[in-house]
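As structure tokens, the structure follows; a few thoughts come after it.
Readers should treat all values here as calculations from the given coordinates under stated rules, not as data from a laboratory. Remember, it's a predicted structure, so these values are computed and weren't measured experimentally. Cβ placement follows ideal geometry from the backbone for every residue including glycine, while neighbour counts extend to all protein chains displayed.
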Amino acid sequence: MLLSQLTQQRVLPVLVLESTAQADWLAGCFVDAGLIQLEVTLRTPRALDIIAHLCRYFPELSIGAGTVFSADQMVQAADAGAGFVISPGATDALLDAAQDCPIPFIPGVMTPSEAMRAREYGFGLQKFFPAEAAGGIALLKAMGAPLQDIQFCPTGGITLNNMMDYLALPNVPVVGGTWLVTPRALVGNDRQDVVLKLEQLRQLLAPIG
């Protein structure tokens with residue numbers, strides 16, 4: 001179900017939030033734009049509180065917890081109301097813990113061996129990170145031939161300028177990234193900047209439905 005939802009949205013916004021005040025105005029922007037699948041990274045002290053806040057006050061959104069490193073964080077994210085969890089990597093401990101996780105897990109991979117190992121655990125949707133630094137489109141094309149049953153969500157270096165090239169790949173149903181909400185926009189509460197980028201995103205995605 002998560003894969004179909006992300007495939008329909010095509011872009012997974014990644015948010016690094018410091019406060020519920022930031023979360024509130026951003027949530028309004030994404031709801032208005034029809035983007036209901038969001039990732040809130042656990043990179044800030046209040047991230048779990050922010051996830052719980054969004055799940056309570058914006059029930060129309062599906063909030064994923066990103067930058068998950070441990071089994072404890074998986075449990076905490078689920079308890080906060082997260083609908084899914086994402087990690088930048090895929091350690092044995094994480095893959096094992098994900099078997100008992102009550103919500104979907106998207107492991108992070110960078111090489112064919114990592115992708116194959118995650119697939120052995122049953123994860124057909126994987127985060128390809130850091131996308132541009134690891135080889136980008138060329139590497140995903142090369143991996144697509146032998147690993148035809150794996151779908152990737154590239155994250156890391158994805159922008160409005162290159163996202164359509166990634167989405168044109170048959171093994172890329174969705175891309176992720178922080179470019180829709182820059183640190184400057186967050187600090188300045190610059191709703192106009194976010195709305196402009198969301199409109200640019202809508203125009204880019206319109207031809208593919």
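Look at where the Cα atoms of the stretch 1-70 and of the stretch 94-111 average out, and the two centres are 19 Å apart. Taking 7 Å steps out from each Cα toward its Cβ at Asp79 and Cys55 produces label points 1.1 nm apart.
Per-residue ellipticity at 222 nm from helix content only, as computed over the chain with -39500 (n - 2.57) for each DSSP H run of at least four residues, stands at -13000 deg cm²/dmol.
For the stretch 114-203, compute Rh as the Kirkwood radius over C-alpha pairs and then the Stokes-Einstein diffusion coefficient at 4 °C and 1.567 mPa s; write the answer in µm²/s, rounded to an integer. Approximately 91 µm²/s, per Stokes-Einstein. Computed from label points 7 Å out along Cα-Cβ, the spacing between Val187 and Ala145 is 4.6 nm. What does the C-alpha gyration tensor say about the overall shape of the stretch 14-67? Classify as rounded when a/c is under 1.5, otherwise prolate if a/b is larger than b/c, or oblate. Since a/c reaches 1.5 and a/b is larger than b/c, the shape of the stretch 14-67 is classed as prolate.
Calculated on the alpha-carbon coordinates, the convex hull of the chain measures out at 110 cubic angstrom per residue.
Placing a pseudo-label 7 Å from each Cα along the Cα-to-Cβ vector at Arg46 and Ser19 gives an inter-label distance of 0.6 nm.
Derived from the Cα gyration tensor, the three semi-axes of the equivalent ellipsoid of the stretch 7-104 are 22, 14, 11 Å, largest first. Peptides 21-27, 141-147 ordered by packing proxy, namely the average of other Cβ atoms within 10 Å per residue, highest first: 21-27, 141-147.
About the centre of its Cα atoms, the chain shows a dipole size close to 400 debye [charges on the beta carbon of Lys, Arg (+1) and Asp, Glu (-1) only; nearest 20 debye].
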